[in-house]
Amino acid sequence: MMYARLLIVFFILNLLSCKNDDAEILHNEIMHIHDEVMPKTGEIAYLYFAFRKKVETDSTISSVQKMELLKQADDLEKAEDEMMVWMNDYIPPHKMKSSKNEDEIIDYLQEQKKIISNIKVHTNSSLASGKKWKEMLSINN
């Protein structure tokens, strides 16, 4: 009987440990995506300011090109803002342990992984589009 109780306790502790591991794994995956995207904010800022400057100072580009550059600048700014807001709002799992159970933490982290993954997609597409416009209009600064 004692052996059965110990086995049950061990099983429950093992389940709890697995959930902690799941939370840590998800957190690490989220941080990996963040670490991949975050360095791109410098390039985003560069393109944003270069496009704004081009619109304000270059009288040789057409009004259609100016509108497109402003649209590109706005999209780049939005991508950067998404990252900043996400970083400000993200709660690491160890800070939730006193207020949430493991299932709630896992659910939160899964949602955060979706959000940061969407930010990654938006950042990459904004940068790709911005780089094309930079090249098309020979923007160097």
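Scanning the range 31-47 for residues that are assigned to a helix (DSSP H, G or I) and free of Cβ contacts under 8 Å to residues at least 24 places away in the same chain, which turns out farthest from residue 119 (Cα to Cα)? So the residue we want is 46.
Looking across the range 93-109 at every residue that is in contact (Cβ under 8 Å) with a residue 24 or more places away in the chain and surrounded by 14 or more Cβ atoms within 10 Å (Cβ to Cβ), the one that is nearest to residue 30 (Cα to Cα) is identified as 109. Give all pairs with beta carbons closer than 7 Å in which a residue from the range 123-141 that is buried (at least 16 other Cβ atoms within 10 Å of the Cβ) meets a residue that is not in a helix (DSSP H, G or I); count only pairs at least 6 apart in sequence or on separate chains. Once the first residue is buried (at least 16 other Cβ atoms within 10 Å of the Cβ) and sits in the range 123-141, its partners that are not in a helix (DSSP H, G or I) give 137/61.
Taken together, the values in this text are just the output of simple stated rules run on the coordinates, not laboratory data. Just so you know, these numbers come straight off a predicted model, no measurement behind them. Using ideal geometry, Cβ is built from the backbone for each residue, glycine included, and neighbour counts are taken over all protein chains shown.
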